[in-house]
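K.L.:
This structure is in structure tokens; I'll ask about it shortly.
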Amino acid sequence: MKYDVAIIGGGILGCATAYRLADNPAIRKLIVIEKESDLGTHQTGRNSGVIHSGIYYTPGSQKAENCRVGRRQLLEFCDREGIDYEICGKVIVAVSDDEITRLHAILQRGVQNGIRCNPVDPDELAELEPHVRGIAGIRVPDAGIIDFRSVCLRLADLVRERDHEILTNAEVIAIEPRSDHSVVQTSAGEIEATLVVNCAGLYSDRIARMAGEEPTFQIIPFRGVYYELREEARHLCNNLIYPVPDPDYPFLGVHFTRMLDGRVECGPNAVLATGREGYSLIPVEMKDMMEILRFRGFWTMVRKHWRQGIAEMAKTLSKKRYLRALQRLVPSITQDDIVRSRSGIRAQALDRNGELVDDFLIIESDRVVNVCNAPSPAATAGLRIGQLICERVASRFS
Ligand SMILES: Cc1cc2nc3c(=O)[nH]c(=O)nc-3n(C[C@H](O)[C@H](O)[C@H](O)COP(=O)(O)OP(=O)(O)OC[C@H]3O[C@@H](n4cnc5c(N)ncnc54)[C@H](O)[C@@H]3O)c2cc1C
């Protein structure tokens, strides 16, 4: 069977792209190819589940624009499809004088990005989150919580209902260009497609290379460990409590997240993972590690960020250190209040100069569209990113 479009990766971006294309009359037949036995089991199923408002991102950036539009599209989709979510709002909390300037800068960005956000003083903070001790804060009423995997699974159902295919247990191992199409070699056989879309998340650089690109970046897997509040300690967090993030780093810092089922997660931190799917410290995936160690940009990044790296690793190895980071926001939390839970791995592109690529990055060639950097808030922005890819793809068929 020859397909118009083959999408590699059955996470939220692959499924959102398929959903957008499935409604396009120019596309007769498409397929989503996923290596796992189920969809959304990597980043999509292992994230914090926060519907971001878009407050943090550089005005005019793809993150800022697509988060704002994508959030609205996500909520409309969930309303239409009966998927649970809750817009509970969040607070960003400054605990020391040196964080105040950074807090103001975030507030300004929020205003520039058109996000509803307002400063709160310690009394207002205490009303919103009685166990938080901060000297200033920002309230963002439009942040929310959701299970992104349930969105991904529903998108896939709708793709199937429109007579397109989702193929699981099929790992893409090679892509061969032919005169007017590509042959995608998978562990489950060959697939011919006029156009290939690479939504392979943690493997997007490898797939781009298979497709003939020579990416100037590499995906670095950053592992984040979560803890969870014991049931008796859940009262310590009403909704979402965030620290003021380090502006040199693309991660938001360990935060408290109430989930739809009432549990409260704390985290994630961010350390180099021992493999692209290294969800625990051992075993070390040698092929992945060698690839990272051979990449020049990695060593430049290490020289720049080794202090943060050590601090984050200490949090992974020591519950006490992790607790200390949480206590900056909620001082009364104790070691007995938290238990270690799951971990997730972020796919973060790093360029040859050792800079973590901040914005979303999509690279197109004749027959392949590669989604090369889609870190947070890409789950919130998923439907919008899918729409943008669909526009690029459909224009080639019309
Ligand atoms: C810890 C963590 C917290 C986060 N928190 C948030 C948040 O609160 N809010 C938010 O908006 N975003 C958040 N994000 C970001 C968000 O989860 C991701 O941006 C988003 O899920 C990316 O989706 P994806 O489809 O690109 O990737 P993935 O979900 O990783 O999907 C990629 C898929 O490609 C498949 N694949 C890879 N290689 C192959 C191959 N060779 N053949 C076939 N299939 C292949 C994989 O198996 C996988 O299923 C977080 C991410 C992490 C890791």
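The values are calculated or read from the model by the stated rules, or taken from the named source; none is laboratory data. Being a predicted model, the structure only gives us computed values, none of them experimental. No Cβ is skipped: glycine too gets one built from the backbone with ideal geometry, and neighbour counts run over all protein chains shown. These area figures cover heavy atoms from the full protein model, side chains too; ligands, DNA and RNA do not enter into them. Shrake-Rupley method; radii C 1.70, N 1.55, O 1.52, S 1.80 Å.
K.L.:
Working only within the stretch 305-337, note down all residues that are open to solvent by 70 Å² or more (accessible area, probe 1.4 Å) and under 16 Å from F222 (Cα atoms).
P.N.:
Scanning the stretch 305-337 gives W306, R307, I310, L317.
K.L.:
For the stretch 143-151, check the following and say yes or no: at least one residue is open to solvent by 50 Å² or more (accessible area, probe 1.4 Å), out of contact with any strand residue (DSSP E or B) (no Cβ under 8 Å at 6 or more places or on another chain), away from the ligand (no atom under 16 Å from the Cβ) and not assigned by TED's automatic domain parsing to the domain that holds K287.
P.N.:
no
K.L.:
Search the stretch 372-397 for residues being open to solvent by 40 Å² or more (accessible area, probe 1.4 Å) and within 13 Å of the ligand (Cβ to nearest atom), and hand back the single one that is nearest to D205 (Cα to Cα).
P.N.:
The selected residue is S376.
K.L.:
Moving on. Looking at (1) away from the ligand (no atom under 13 Å from the Cβ); (2) open to solvent by 60 Å² or more (accessible area, probe 1.4 Å); (3) touching a residue at least 12 places away in the same chain (Cβ under 8 Å), can you tell me which one R68 breaks?
P.N.:
(1) is the only condition that R68 fails.
K.L.:
For the stretch 41-48, indicate whether the set of residues that are of a type in the set (S, T, Y) and within 24 Å of D359 (Cβ to Cβ) is non-empty.
P.N.:
For the stretch 41-48, residues of a type in the set (S, T, Y) and within 24 Å of D359 (Cβ to Cβ): present.
K.L.:
Out of (1) more than 20 Å from the chain's Cα centre (by Cα); (2) over 21 Å from V225 (Cα atoms), what's the single condition that is false for Q308?
P.N.:
All conditions are met except number (2).
K.L.:
Which pairs have Cβ atoms under 9 Å, sit 6 or more apart or on different chains, and link a residue in the stretch 1-21 that is modelled with pLDDT under 95 to one that is more than 6 Å from the ligand (Cβ to nearest atom) and among the small types (G, A, S)?
P.N.:
Pairs that qualify, where the first residue is modelled with pLDDT under 95 and the partner is more than 6 Å from the ligand (Cβ to nearest atom) and among the small types (G, A, S), are K2/A193.
K.L.:
Can you name the residue in the stretch 255-270 that is open to solvent by 10 Å² or more (accessible area, probe 1.4 Å) and not in a strand (DSSP E or B) and is also nearest to the ligand (Cβ to nearest atom) among such residues?
P.N.:
P268
K.L.:
Now for a separate question. For V369, work out the one condition from (1) part of a strand (DSSP E or B); (2) out of contact with any Asp or Glu (no Cβ under 8 Å at 6 or more places or on another chain); (3) crowded, with 17+ Cβ neighbours inside 10 Å; (4) outside the structural domain of I175 (by TED's automatic domain parsing) it doesn't fulfil.
P.N.:
Of the numbered conditions (1) part of a strand (DSSP E or B); (2) out of contact with any Asp or Glu (no Cβ under 8 Å at 6 or more places or on another chain); (3) crowded, with 17+ Cβ neighbours inside 10 Å; (4) outside the structural domain of I175 (by TED's automatic domain parsing), the odd one out for V369 is (4).
K.L.:
Limited to the stretch 339-371, what total is found for residues that are near the ligand (Cβ under 10 Å from one of its atoms) and of a type in the set (A, V, I, L, M, F, W, C)?
P.N.:
Looking only at that region, the number is 4.
K.L.:
Which of (1) more than 12 Å from the ligand (Cβ to nearest atom); (2) in a helix (DSSP H, G or I) is the odd one out, the single condition E213 does not satisfy?
P.N.:
Checking E213 against (1) more than 12 Å from the ligand (Cβ to nearest atom); (2) in a helix (DSSP H, G or I), the one that fails is (2).
K.L.:
Taking the stretch 271-299, which residues are in a loop (DSSP other than H, G, I, E, B), without any contact (Cβ under 8 Å) to a residue 60 or more places away in the chain and out of contact with any helix residue (DSSP H, G or I) (no Cβ under 9 Å at 6 or more places or on another chain)?
P.N.:
If the condition is that a residue be in a loop (DSSP other than H, G, I, E, B), without any contact (Cβ under 8 Å) to a residue 60 or more places away in the chain and out of contact with any helix residue (DSSP H, G or I) (no Cβ under 9 Å at 6 or more places or on another chain), then I282, P283, V284, E285, R294 are the ones that fit.
K.L.:
Now a separate question. Among the residues of the stretch 66-87, write down those that are part of a strand (DSSP E or B) and closer than 22 Å to D157 by Cβ.
P.N.:
Y85
K.L.:
Report the residue count in the stretch 271-284 for those that are more than 10 Å from the ligand (Cβ to nearest atom), touching a Leu at 6+ places or on another chain (Cβ under 8 Å) and open to solvent by 60 Å² or more (accessible area, probe 1.4 Å).
P.N.:
Qualifying residue count, the stretch 271-284: 0.
K.L.:
Related question: Does L240 meet the test of being under 21 Å from I333 (Cα atoms), surrounded by fewer than 24 Cβ atoms within 10 Å (Cβ to Cβ), near the ligand (Cβ under 9 Å from one of its atoms) and not assigned by TED's automatic domain parsing to the domain that holds G386?
P.N.:
Judged against the criteria, L240 is not a match.
K.L.:
Follow-up. Quick one: which of I7, I31 is on the phi < 0 side of the Ramachandran plot and surrounded by 24 or more Cβ atoms within 10 Å (Cβ to Cβ)?
P.N.:
Sole residue among the options that is on the phi < 0 side of the Ramachandran plot and surrounded by 24 or more Cβ atoms within 10 Å (Cβ to Cβ): I7.
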